[in-house]
Amino acid sequence: LIKVNSGYLGYGGSFEHDNDNYINYRPVLFFFDDNYGLTSYKVFENTALKSEPIDFALGTTWFHIEQLTSGNIVMYGFEELIVTNASGDVISITDFRKYNLIRNQGIVNLGNSFIISTNDYLRKFDASGNELKHIFFDGDETPDLFYIDNKVIFISSYATTDPVENLGNLSVYKIFMGAVDQNLNLINLNN
């Protein structure tokens, strides 16, 4: 939930399940009053995720919701970006899954624009969900972005195969930390 002028907004999903997967998943935007009473909701039927199963293990993915200064609402979960107006009417829906993999990714609200992490990229958007710029940074999973001292800070992981003595080559996830400014220019963290 996030606090907005009219109460609170929540972001989640509606789904069915079989024994291993979420099926018939649809994103849902919830509107609450100041006392957390549900006043209305919007179910988004035009999702790329509706027609395919989603592994239960991915249910721990982050669901991000932000309201921009324009009033537009940005929702980001299962690597699907949804931008609506303040009433929940869809402006844009974009699927960023690579090879149909779902990873935990982050978002940071910059007022009337925002930045998200996707597989290998940081991407900046305007209030309507139009991509303004992107940079390649080779991060497979970047679960959150933090806006601190006019910098967007992130910690990301990437898959590699490393030789391990007496075991051979093993798949290993390595992590790294980085930062960019609001225009996605890399910032040297060694200073």
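Some observations on this one:
- Test: E52 is in contact (Cβ under 8 Å) with a residue 40 or more places away in the chain, closer than 19 Å to F15 by Cβ and open to solvent by less than 70 Å² (accessible area, probe 1.4 Å): yes
- Single unsatisfied condition, L170 versus (1) modelled with pLDDT under 95; (2) within 17 Å of the chain's Cα centre (by Cα): (2)
- Residue match in region 29-38 (condition: modelled with pLDDT of 90 or more, of a type outside the set (D, E) and in contact with a Ser or Thr (Cβ under 6 Å, 6 or more places away or on another chain)): yes
- Candidates D120, D138, D149, D144, filtered to the one that is on the phi > 0 side of the Ramachandran plot, surrounded by fewer than 19 Cβ atoms within 10 Å (Cβ to Cβ) and within 15 Å of the chain's Cα centre (by Cα): D120
- Condition met for D120 (among the charged types (D, E, K, R) and touching a residue at least 12 places away in the same chain (Cβ under 8 Å)): yes
- Annotation: T161 fulfils all but one of (1) farther than 29 Å from T69 by Cβ; (2) touching a residue at least 12 places away in the same chain (Cβ under 8 Å); the unmet one is (2).
- Remark: pairs (first residue in region 164-191, touching a residue at least 40 places away in the same chain (Cβ under 8 Å); second residue exposed (fewer than 10 other Cβ atoms within 10 Å of the Cβ); Cβ separation under 9 Å; 6+ apart in sequence or on different chains) = Q182/N150.
- Lone unmet requirement of (1) under 12 Å from F96 (Cβ atoms); (2) surrounded by fewer than 16 Cβ atoms within 10 Å (Cβ to Cβ) for F125: (2)
- Qualifying positions in region 13-49 - within 20 Å of the chain's Cα centre (by Cα), in a loop (DSSP other than H, G, I, E, B) and exposed (fewer than 15 other Cβ atoms within 10 Å of the Cβ): E45, N46
- Residue in region 65-87 that is open to solvent by 70 Å² or more (accessible area, probe 1.4 Å) and part of a strand (DSSP E or B) present: no
- Selected residue [touching a Leu at 6+ places or on another chain (Cβ under 6 Å) and of a type outside the set (S, T, N, Q)] from G10, G37, G71: G10
- Of the strands (runs of 3 or more DSSP E) entirely within region 99-142, those holding at least 1 residues that are of a type in the set (S, T, N, Q) occupy 107-109, 113-118.
The values are calculated or read from the model by the stated rules, or taken from the named source; none is laboratory data. The structure displayed is predicted, hence computed values, not measured ones. Note: ideal-geometry Cβ built from the backbone for every residue, glycine included; neighbour counts use all protein chains shown. For the accessible areas, the whole protein counts, side chains as well, though only heavy atoms, and no ligand, DNA or RNA atoms are used. Shrake-Rupley method; radii C 1.70, N 1.55, O 1.52, S 1.80 Å.
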